[in-house]
1. Out of contact with any strand residue (DSSP E or B) (no Cβ under 9 Å at 6 or more places or on another chain) and either on the phi > 0 side of the Ramachandran plot or more than 9 Å from every other protein chain (Cβ to nearest Cβ) (or both): which single residue out of B:Pro92, B:Pro149 fits that description?
2. Within region A:72-79, is even one residue among the β-branched types (Val, Ile, Thr), in the same structural domain as A:Glu11 (by TED's automatic domain parsing), over 29 Å from A:Arg120 (Cβ atoms) and in contact (Cβ under 8 Å) with a residue 24 or more places away in the chain?
3. Any chance you could count how many residues in region B:76-105 are more than 12 Å from B:Met145 (Cβ to Cβ) and of a type in the set (Val, Ile, Thr)?
4. Return the residue satisfying two criteria in turn: it lies in region A:131-158 and is among the small types (Gly, Ala, Ser) and within 20 Å of A:Thr93 (Cβ to Cβ), and of such residues it is surrounded by the most Cβ atoms within 10 Å (Cβ to Cβ).
5. Just one of the numbered conditions (1) small (Gly, Ala, Ser); (2) within 14 Å of chain B (Cβ to nearest Cβ); (3) on the phi < 0 side of the Ramachandran plot; (4) surrounded by fewer than 22 Cβ atoms within 10 Å (Cβ to Cβ) is not true of A:Gly119; which one?
6. What about A:Lys286, is it outside any strand (DSSP E or B) and more than 14 Å from every other protein chain (Cβ to nearest Cβ)?
7. Hey, B:Asn117 hits all of (1) farther than 11 Å from A:Ser188 by Cα; (2) at the interface with another protein chain (Cβ under 7 Å from one of its Cβ atoms); (3) polar (S, T, N, Q) but one; which does it fall short on?
Amino acid sequence: MIDSVDKKILELIDKRVVSGEKLAEELGITRTAVWKRVKKLRNLGYNIESRGNGYILKSRTELLLENEVRPFFKTSFIGKRYVFFKEIDSTNTYARKSVFEDGTVVLAQKQSSGRGRRGRKWVSSGKGLYFSIVLKPSIPVSEVLKFSLIFPLSILDALSRSGISSKIKWPNDIYINGKKVSGILIESDTEGEITNRAVVGIGINVNDSLEDIKEIEDIATSLHIETGKYFDRKLLLSEILFQIEQRYISFLTGKKDEILKDLEKNMLWIGEDVVLTDGNSKTEGKLIGINNYGGIRLKTENGILDIFSGDLSLRKVDDV
Amino acid sequence: MDKELLFEIIEKIKGTNIEEVEFETENGRIRIKQFIGERKQITPVQQPVVEIKEEIVSSVPTKVETKEEKKYHVIKSPLVGTFYRAPSPGAPPFVEEGDIVSKGQVVCIIEALKVMNEIESDVDGRVVKILVENGQPVEYGQELMYIEPR
């Protein structure tokens, strides 16, 4: 989308007026080519003003283009390959269709059919972060559950560095003040007993206004709605990827059970009466914590139960 | 080589349907075979060096395998979770009974902790039976499908 010549133009006209003639000379291209490139950059959201016969960059684009986010990345392999779309159906669908190297990040400014669990929809207003990470852990499928907990914990850590305190609704939703701010969908390929690839889709409502998420305002919120502040999505993305890489490396090198402790420390509704809904089945009980595999542990009328799938919700008073 | 031991083994396997015993001592490898009647369909299992005692004890009950298990390849759940036959509700199932599948083809999803684990067939063949209903919880090692290898 943006090549080295474009980058050079942005560099040269950053905060100072440079004439088209001078740019053409510096870059060894014609003045028409300069004009065409400036037009392209404007279309990508760069605010470039014309002054006399020169140009000046007043503000950068809001699009999370590779050249915009790359300077902030602190990771060694996650995001080394970065694929950006202005709009796509779903980053997970795209990331799963192709063969990508370990650590590839696919990010979209907008998703036209963002997906959640079992065909549910993820609303992507364009003001949040919607991306997928391709990971190739080659771990026994029995460890995938623990592995999957890396992601909510990393987002929680990244948010906490921005001064936001959040909780995890088992297994991997992020909640602030009782509403969902981030969701994760992991799709993995298992052959025999080994999981070779996992595509981790992450959606976070960042600068969304109440209006942006109107259709889901009862259950969802955004970082902006909760804090009144606007967040730099480049910094947030970079911090999340960094936290994920740290936790992922420590997971692969053996520190697997720390994840369970960390989850339990940051989990929503521990000690409260909850309902777990899975398809048509409902299980009620007191949420005790999680078991050694990352499943949820409920104290029910029929004793203690360990459950691995379903939707957790708080039991309302009128249900009793 | 201890001849007594050899005779003892021969005595022990006489009358059983053990066809072959092979074992190894520091002096070498010994294989004892006996004719046990018509050759049935025997799967070419690579028998490693067998401990004689174990072989005698274990071989008798293994003959009581069900016909289905022998003939068909079983896809088992590699984890505890919920079994799904389709990628999302309303979508067509990955496979139906009677479908031909190839190795590496996705046959179902087991969900746990919101991780959608796509389970691939590890053989080429035909789906003979799907043993679990869509949306049902499954245990580790639970049989999900029978595939007739081709």
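1. Numbers: B:Pro149 fails: out of contact with any strand residue (DSSP E or B) (no Cβ under 9 Å at 6 or more places or on another chain).
Testing whether each residue is out of contact with any strand residue (DSSP E or B) (no Cβ under 9 Å at 6 or more places or on another chain) and either on the phi > 0 side of the Ramachandran plot or more than 9 Å from every other protein chain (Cβ to nearest Cβ) (or both) leaves just B:Pro92.
2. Step one: list which residues in region A:72-79 are among the β-branched types (Val, Ile, Thr), which gives A:75, A:78.
So of that shortlist, the ones also in the same structural domain as A:Glu11 (by TED's automatic domain parsing) come out as none.
No, there is no match, as no residue in region A:72-79 is among the β-branched types (Val, Ile, Thr), in the same structural domain as A:Glu11 (by TED's automatic domain parsing), over 29 Å from A:Arg120 (Cβ atoms) and in contact (Cβ under 8 Å) with a residue 24 or more places away in the chain.
3. 3
4. First, pick out the residues of region A:131-158 that are among the small types (Gly, Ala, Ser): A:132, A:138, A:142, A:148, A:154, A:158.
Cutting the leftovers down to within 20 Å of A:Thr93 (Cβ to Cβ) gives us A:132, A:148.
Values: A:Ser132: 26, A:Ser148: 22.
Within region A:131-158, the match that is surrounded by the most Cβ atoms within 10 Å (Cβ to Cβ) is A:Ser132.
5. Looking at each condition in turn, A:Gly119 falls short on (3).
6. Details: outside any strand (DSSP E or B): no; more than 14 Å from every other protein chain (Cβ to nearest Cβ): yes.
Taking the combined requirement at face value, the residue does not satisfy it.
7. Status for B:Asn117: all satisfied but (1).
Yes/no per residue for (1) surrounded by fewer than 16 Cβ atoms within 10 Å (Cβ to Cβ); (2) assigned by TED's automatic domain parsing to the domain that holds B:Gly81; (3) of a type in the set (D, E, K, R); (4) at negative phi:
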site	(1), (2), (3), (4)
B:Ile109	no, yes, no, yes
B:Leu113	no, yes, no, no
B:Asn117	no, yes, no, yes
B:Ile130	no, yes, no, yes
B:Gly135	no, yes, no, no
B:Gly141	yes, yes, no, no
B:Met145	no, yes, no, yes
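The values are calculated or read from the model by the stated rules, or taken from the named source; none is laboratory data. Quick caveat: nothing in here was measured; it's all calculated off a predicted structure. Please note: Cβ atoms are built from the backbone with ideal geometry, for glycine as well, and neighbour counts cover all protein chains shown.
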